[in-house]
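Trainee: Below is one structure. I have some questions about it.
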Amino acid sequence: MNATGAFGLRVAESWTEIRENLGRSALQALGVMVGVASVLGGFSISDSHEARSDERWRKLGGMERLNVQPAAAIKDGTPSALQSANLGLRNLDADEGEEMNRKAVNATSVQKNARARVRSTYADQTRQISGIGGDFLPLNGYEIERGRLFSTSELEAGAPVCLLGAEAAAVFFPTGDAIGESVSVEDARVVVVGVLRELVFRWRDGDGNAFAWRNRLIAVPSTYVATRMQGDRYQRVDRVTFKIPDLTLMEGFANDLVAVLKANHRLQDDFRIDDIAARMRKRQSQGQVYNIVFLLSGVLSLIGGGMVNVNIQLASLKERVREIGVRMAIGASGREIFKSFLTEAMLLTMLGSLVGLLLGVLFSKAICSFLEIPALLRPSSFLLAFGVAAGFGVLFALYPAWKASRLSPMEALRYE
Amino acid sequence: MENVIVTRGLTKVFGANGNAVYALRGIELEVARGEFVALVGPSGSGKSTLMAIIGCLDSPSAGTYALDGEPVERLSGAALARIRNEKVGFVFQTYNLLPRATVSRNVELPMLYAGIGRKQRRTRALELLEKVGIPEKADRLPSELSGGQRQRVAIARALANSPALLLADEPTGALDSKTGAEVLGLFQQLNRQGHTVLLVTHDPKIAALASRRVELYDGLVLAPEPRAA
Ligand SMILES: Nc1ncnc2c1ncn2[C@@H]1O[C@H](COP(=O)(O)OP(=O)(O)OP(=O)(O)O)[C@@H](O)[C@H]1O
Ligand SMILES: [Mg+2]
């Protein structure tokens, strides 16, 4: 038994056995193949969808942003003295929030909106004007295409300057460069200092631009809206946004922020903070639905593949046990038989898995291209698909060998 | 003359207490090297059971058995496999060839388990097929052969590792009389070449060709005849 001890020879022998029993071997490999393909395909499609979903969140900057907005402190009845004396959400809140946890917060912006009649030589529309401050542009994924940002002094002074989103620039200045031109906001002249790059996100090719509305931006310093347009000397704002890239810090930060703002606001609940937990749930549930669906289909097809495998093995069990009896009668030890069955099963599992992995990749590519999302294949999915299928394949193949190894050669030869 | 087979009080019981079947009830048997022994007896007398134990395919419930001078009762499964591989060549009534392996490969299998290399196996297999008279069938499948030819393959396989003992349980039972006679002739020829043969048969004519007849009845050796010198 020396020569067959060598692994290479053993594999060569197994290969001969496989060729001799082509039909049975093919069916056995088929079970593995179907299992691997469906597990890999399923997980890959799920991962791809989740990645696409994440990408949208990222582009939107949605996940990592925590918004604070003013809210009515009194739900009904007359406001108490304390309540009416409150000043609402202010620039100060943004500063203190940022100070509170510099590690977690990577950017802060404030926003104060107003609606106003906006006119240029080419257009005359009522539009939302966004008074912005802090890191509003990077926080919302905007980039300057031409021109420049607001300077610090312009932001502090509330200077009459503006930035136009791509759509706004096209509407108000369809023929030429807007930079240096001015628009009338209500009756004041505001100079265009910069034009923003167009933001585009499509779920699939051919879909509309999901970010179209964001290109309608007309931004001025928040101080301009507060002082020149609304005459608010307390510099109240409509929204404070903190960017917290490390999502694990989000919940803790939100809780701390509530405490700080409450203290700031004389213990009044005159602000509203995003519900982080709900948001996390929403994001996860979407991915999870797909994961469960595909995990289920993966498990089902594994079971299916396993059943096919078991049935094939059981159908040929009698024949196999007898064959083992013959082999034992002419001198194979139980050990020898076990080893050769194991090698054979591993070879078949490898072959089946390779084809299965290939099919799984194609399957995933096909479905993803149908959904028009880029296909994502994680190494962990490969390992999972391969591992599970290999386990099933080897387990079921070894059953007859185990069965026969408990019999004497004579019993195996007489096996019914 | 030294004995290839020596059994003492060999007993085989199938099943448990209630419905125990005593297939063998104390077999005393000696077979010397070079003998051609015919084992006869009515159906159910225990011939196949005895052959299986002598061929180390099954183990006795009680008694002792020495093959080629070596006691085998206490040997491990692996050691028994080795004995079946090297010392015993077994020929079955129903051939027991691997149906999807070629004739040559069927003959090569015992050599594979003996650890003999590919080339050497093939050469020896062709030699043996020549010896049993079907050299041209080496690369055929068993299903493409006649019954007599299949039994010749089985005999070639039994001879693969030059065993001390050739066992045949009704080797002509599934063959017509003409083919059966040919196969039997082959056993006689092998015996003349020095192989020890123990053969089960129902046919008195075949039994008459043997150098000695051992008759079983109900699990016992019925008429222990004096051995031919
Ligand atoms: N595996 C077994 N389990 C139970 N009983 C068995 C088994 N093998 C044989 N027997 C019984 O042992 C007895 C001897 O059987 P055996 O096959 O040795 O007879 P035989 O002489 O070979 O008969 P035949 O000429 O019909 O082949 C019979 O009664 C049979 O029923
Ligand atoms: Mg019998």
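Trainee: From the list B:89, B:147, which residue is touching a Pro at 6+ places or on another chain (Cβ under 9 Å), away from ligand 1 (no atom under 16 Å from the Cβ) and closer than 24 Å to residue B:202 by Cα?
Mentor: Values: B:147 fails: touching a Pro at 6+ places or on another chain (Cβ under 9 Å).
Exactly one residue qualifies, and that residue is B:89.
Trainee: Which condition number does residue B:196 fail, the rest of (1) more than 17 Å from residue B:102 (Cβ to Cβ); (2) open to solvent by less than 10 Å² (accessible area, probe 1.4 Å); (3) within 14 Å of chain A (Cβ to nearest Cβ) being met?
Mentor: Condition (3) is where residue B:196 drops out.
Trainee: Okay, moving on. Here is a list of conditions, (1) acidic (Asp, Glu); (2) assigned to a helix (DSSP H, G or I); (3) open to solvent by 30 Å² or more (accessible area, probe 1.4 Å), and residue B:108 meets all of them except one; can you say which number that is?
Mentor: (3)
Trainee: Continuing with this model, one more query. Scan segment B:57-76 and give yes if some residue there is over 19 Å from residue B:196 (Cβ atoms), among the hydroxyl-bearing types (Ser, Thr, Tyr) and away from ligand 1 (no atom under 16 Å from the Cβ), otherwise no.
Mentor: The initial filter retains those residues of segment B:57-76 that are over 19 Å from residue B:196 (Cβ atoms), namely B:58-64, B:73-76.
If we keep only those that are among the hydroxyl-bearing types (Ser, Thr, Tyr) as well, we get B:59, B:61, B:64, B:76.
Cutting the leftovers down to away from ligand 1 (no atom under 16 Å from the Cβ) gives us B:64, B:76.
Checked segment B:57-76: at least one residue is over 19 Å from residue B:196 (Cβ atoms), among the hydroxyl-bearing types (Ser, Thr, Tyr) and away from ligand 1 (no atom under 16 Å from the Cβ).
Trainee: Same structure again: Name the pairs whose Cβ atoms lie under 9 Å apart, with the first residue in segment B:109-131 and within 16 Å of residue B:149 (Cα to Cα), the second of a type in the set (Asp, Glu), and 6 or more positions between them or separate chains?
Mentor: B:125/B:108; B:129/B:136
Trainee: Also, quick follow-up: Would you confirm, using the coordinates I've provided, whether residue A:271 is crowded, with 18+ Cβ neighbours inside 10 Å, modelled with pLDDT of 70 or more and touching a helix residue (DSSP H, G or I) at 6+ places or on another chain (Cβ under 7 Å)?
Mentor: Details: crowded, with 18+ Cβ neighbours inside 10 Å: yes; modelled with pLDDT of 70 or more: yes; touching a helix residue (DSSP H, G or I) at 6+ places or on another chain (Cβ under 7 Å): yes.
So residue A:271 fits the description; yes.
Trainee: Under the condition of being over 19 Å from residue B:168 (Cα atoms) and facing chain A (nearest Cβ under 10 Å), which residue from segment B:92-107 is nearest to ligand 1 (Cβ to nearest atom)?
Mentor: B:99
Trainee: Test of understanding: among B:81, B:32, which residue is out of contact with any His (no Cβ under 7 Å at 6 or more places or on another chain), away from ligand 2 (no atom under 16 Å from the Cβ) and under 19 Å from residue B:211 (Cα atoms)?
Mentor: Details: B:81 fails: under 19 Å from residue B:211 (Cα atoms).
Only one candidate passes the filter, namely B:32.
Trainee: For segment B:150-179, which positions are within 16 Å of ligand 2 (Cβ to nearest atom), open to solvent by 10 Å² or more (accessible area, probe 1.4 Å) and within 11 Å of chain A (Cβ to nearest Cβ)?
Mentor: B:169
Trainee: Looking only at residues that are within 8 Å of ligand 1 (Cβ to nearest atom) and under 13 Å from the mean Cα position of the chain (by Cα) in segment B:14-51, which one is surrounded by the most Cβ atoms within 10 Å (Cβ to Cβ)?
Mentor: B:50
Trainee: May I ask you to list the residues in segment B:113-134 that are part of a helix (DSSP H, G or I) and open to solvent by less than 50 Å² (accessible area, probe 1.4 Å)? Before the answer, list the steps.
Mentor: Filtering segment B:113-134 for residues part of a helix (DSSP H, G or I) gives B:113, B:118-131.
Result: B:113, B:121, B:125, B:128, B:129.
Trainee: Hey, can you tell me all the residues within segment B:135-149 that are open to solvent by less than 50 Å² (accessible area, probe 1.4 Å) and among the charged types (D, E, K, R)?
Mentor: B:137
Trainee: Quick check on my filter: what residues within segment A:197-229 are modelled with pLDDT under 85, over 21 Å from residue A:91 (Cβ atoms) and among the basic types (Lys, Arg)?
Mentor: Correct list: A:202, A:204.
Trainee: Considering only segment A:242-256, how many residues are at pLDDT below 80 and open to solvent by 40 Å² or more (accessible area, probe 1.4 Å)? Step through it out loud before you land on a result.
Mentor: Filtering segment A:242-256 for residues at pLDDT below 80 gives A:245-251.
Filter once more, keeping what is open to solvent by 40 Å² or more (accessible area, probe 1.4 Å): A:245-249, A:251.
Counting residues in segment A:242-256 that are at pLDDT below 80 and open to solvent by 40 Å² or more (accessible area, probe 1.4 Å) gives 6.
Trainee: Taking strands (runs of 3 or more DSSP E) that do not extend beyond segment A:86-158, which have at least 2 residues that are open to solvent by less than 60 Å² (accessible area, probe 1.4 Å) and in contact with a Ser or Thr (Cβ under 6 Å, 6 or more places away or on another chain)?
Mentor: Because the criterion is at least 2 residues that are open to solvent by less than 60 Å² (accessible area, probe 1.4 Å) and in contact with a Ser or Thr (Cβ under 6 Å, 6 or more places away or on another chain), the strands (runs of 3 or more DSSP E) in segment A:86-158 that meet it are A:107-119, A:124-134.
The values are calculated or read from the model by the stated rules, or taken from the named source; none is laboratory data. Note that this is a predicted model, so its numbers are computed, not measured. Cβ coordinates were reconstructed from backbone atoms using ideal geometry, including for glycine residues, and neighbour counts include every protein chain displayed. For accessibility, only protein heavy atoms count, side chains too; no ligands or nucleic acids. Shrake-Rupley method; radii C 1.70, N 1.55, O 1.52, S 1.80 Å.
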